[in-house]
Amino acid sequence: MAPPIETTVKSSDSHCAPHPPLNERILSSMTRRSVAAHPWHDLEIGPGAPTVFNCVIEIGKGSKVKYELDKKTGLIKVDRVLYSSVVYPHNYGFIPRTLCEDNDPLDVLIIMQVRQLLLIFIKNTIV
């Protein structure tokens, strides 16, 4: 490992301590936990909530694949495949900026005649 690169503080005040070595600052910044920002963080529930609200489609109507939002990456990942004759009867998704006991966003079943694309943002009315 390379020796630390020393930096000094240029100040007339003798009470100021020097900065940590540059390589220590770089390593420190790489080991700090960072919070990833994802497109889901900026989505609004909508001004009409709780009667009319926005949601994101995770699973399309008729799908045999269970998708789930990966909180770490912000991407949708395959959770499991339904191997029986069971399919999702309607579009399934989540309401942004909500949190349930299982630390996931609030789930929502969107009842409509057509299958929607995944990851679309859609306005819903509660029934």
Original post:
Pick from the range 64-100 the residues that are farther than 26 Å from K123 by Cβ and of a type in the set (V, I, T): which of them is modelled with the lowest pLDDT?
Top reply: T73
Subject >> Residue list for the range 69-127, restricted to those being among the hydrophobic types (A, V, I, L, M, F, W, C) and either farther than 16 Å from N54 by Cα or in contact with a Lys or Arg (Cβ under 7 Å, 6 or more places away or on another chain) (or both) >> reply: L69, L75, I76, V78, V81, L82, V86, V87, C100, V114
Subject >> Matching entry among Y83, Y67 (being touching a strand residue (DSSP E or B) at 6+ places or on another chain (Cβ under 7 Å) and either free of Cβ contacts under 8 Å to residues at least 24 places away in the same chain or farther than 14 Å from I45 by Cβ (or both)) >> reply: Y67
**OP:** Give the residues of the range 68-107 that are exposed (fewer than 13 other Cβ atoms within 10 Å of the Cβ), of a type in the set (A, V, I, L, M) and in a strand (DSSP E or B), sorted by residue number.
**Re:** V78, V81
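The values are calculated or read from the model by the stated rules, or taken from the named source; none is laboratory data. As the structure is a computational prediction, the values presented were derived from the model and not from experiment. Cβ atoms come from the backbone with ideal geometry, glycine included; neighbour counts cover every protein chain shown.
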